[in-house]
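Notes follow once the structure below has been shown.
The values are calculated or read from the model by the stated rules, or taken from the named source; none is laboratory data. None of these values were measured; they are calculated from a predicted model. Cβ sites come from the backbone with ideal geometry, for glycine too, and all protein chains shown count toward neighbours. Just so you know, the surface numbers come from the protein's heavy atoms only, side chains and all, with ligands and any DNA or RNA stripped out. Shrake-Rupley method; radii C 1.70, N 1.55, O 1.52, S 1.80 Å.
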Amino acid sequence: MEVILIILIAVIVIICLHIRIVPQQRCYVTEFLGKYKHTWSAGIHFLIPFLERVVAKISLKEQVYDYAPQTVITKDNVSIDINAVVFSKVFDSYKYVYGIEDAMIGLENLSATTLRNVVGEMDLDECLSSRESINAKMQEALDEATDEWGLKVRRVEIKDIEPPREIAEAMTKQMKAEREKRQAVLEAEAHKESVIRRAEGDKQAKVLAAEAERDAKIAVAEGEAQAIERTYSAQAKGLEALRNADINQNVLYLRGLDALKEVADGKATKIFVPTDISRVLTSAGAIGEALGVGDFTKIDRSEEEIPAVPKDPVENENTSDISRDAHATNFRLKEEVKD
């Protein structure tokens, strides 16, 4: 019984040791008597004791390989240190196990040689400014070469590019000069724009001032024109009214006396006396007598007769004419007052 029990325990242990559980995103490659048999995916599997064995446990996840920097000579004979990061994934476990002895070492060496070939066809400036082009060329070349290894190169990224110290210093000076140049250009552009804006502002100010002055002169001229027009219109209306009033010569003589009064107000240094002053004064006396103004005193000639003073015949004739004119004017003025 003890022997049977020991045999049963041994069989159970052997069976347990040959049970395999494959995790998710992994696969196992097995061989039967040294020959490829199965590729186990995720799950539980049983390995035939002493006949089968697991030769490779492969991760199906995307792997990242960051290789050490390497020295590469560009097309213009500049040595630079550059390194790349490769992202790959196993898509065929059989090729990955049996296609190459060590896929990771092969991928590393292939990446180095491909990087030298790609960068060797470019200048330094092109290498520094065309990383996307380098990435695309390397990804295409590596993916084509690793198909036989069961690897899929998803993408390649240039991590760092370090030129020599002398070139780095020269590039720093060039960058500084470029920035100073840009600063000078920007300052010049700002000054130019400022001067242009200031000139435009002065121009607009002068234009507005000229327009304002023009409008003011036009307004003043229009005001003067309207004032002159209204003045002459009022004078015309006054002359029309005088013409419609049928003014006789005696009224004009009265206006002449008013003018003489204004001339003789004591302020003038010269007095102009009209040639017919005697006629004006005589007419004014007659008009004053007719209107009842002045120092005229009415005398009743029925009671006392004043002897006539002999005068020159010519003067008597002129005086009688003037008296007749005065009486006629007095009568006409009285008639107008009655009306």
Completion exercise
Expressed as a percent, the portion of alpha-carbon pairs in the stretch 67-111 spaced more than 16 Å apart is 52 percent
Handout entry: Within the stretch 48-85, chymotrypsin sites (Phe, Trp or Tyr not before Pro) in DSSP loop having at most 14 other beta-carbon neighbours inside 10 Å
Key = PHE50
Problem - the stretch 103-214, relative contact order in percent, only Cα pairs under 8 angstrom and at least six apart counted - result: 18 percent
Exercise for the section: Would you compute the Debye intensity of the stretch 110-256 from its alpha-carbon atoms alone, equal scatterers and no solvent, and pass along log10 I(q)/I(0) at q = 0.17, 0.22 Å⁻¹ to two decimals? Expected result: -1.06, -1.26
Completion exercise
Here the stretch 195-200 yields Karplus 3J(HN,Hα) values (6.51, -1.76, 1.60; θ = phi - 60°; whole Hz; Gly and Pro given as x) of 5, 5, 5, 5, 5, 4
Handout entry: Alpha carbon convex hull of the stretch 183-229, projected area averaged over orientations, nm²
Key = 2.5 nm²
Completion exercise
Among ALA188, PRO163, ALA199, the residue whose Cα sits farthest towards the positive end of the charge dipole of the stretch 154-222 (+1 at Cβ of Lys and Arg, -1 at Cβ of Asp and Glu, taken about the Cα centre) is PRO163
Practice task
With a/c under 1.5 counting as rounded, go ahead and sort the stretch 29-88 into rounded, prolate or oblate using the C-alpha gyration tensor (a ≥ b ≥ c being the square roots of the eigenvalues; past the cut-off, prolate if a/b is larger than b/c, else oblate).
Solution key: prolate
Problem - Sparsely packed GluC sites (Glu not before Pro) within the stretch 50-110, loop by DSSP, other Cβ within 10 Å at most 15 - result: GLU62, GLU101
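Counting every Cα pair in the stretch 108-162, what percent are over 18 Å apart?
Everything past 18 Å amounts to 28 percent.
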Problem - Cα-centred dipole magnitude for the stretch 124-211, charges only on beta-carbon of K, R (+1) and D, E (-1), debye, nearest 20 - result: 600 debye
Practice task
Rounded to the nearest Å, what's the spacing between the alpha carbon centres of the stretch 105-149 and the stretch 187-225? Just the number, please.
Solution key: 67 Å
Fill in the blank from the handout: Convex hull around the C-alpha positions of the stretch 1-136: the volume in Å³ per residue is 125 Å³
Exercise for the section: Just reorder ILE48, ILE105 by solvent-accessible area, largest first, 1.4 Å probe, all chains present. Expected result: ILE105, ILE48
Completion exercise
So the compactness index of the stretch 155-209, its C-alpha Rg divided by 2.2 N^0.38 Å, takes the value 2.22
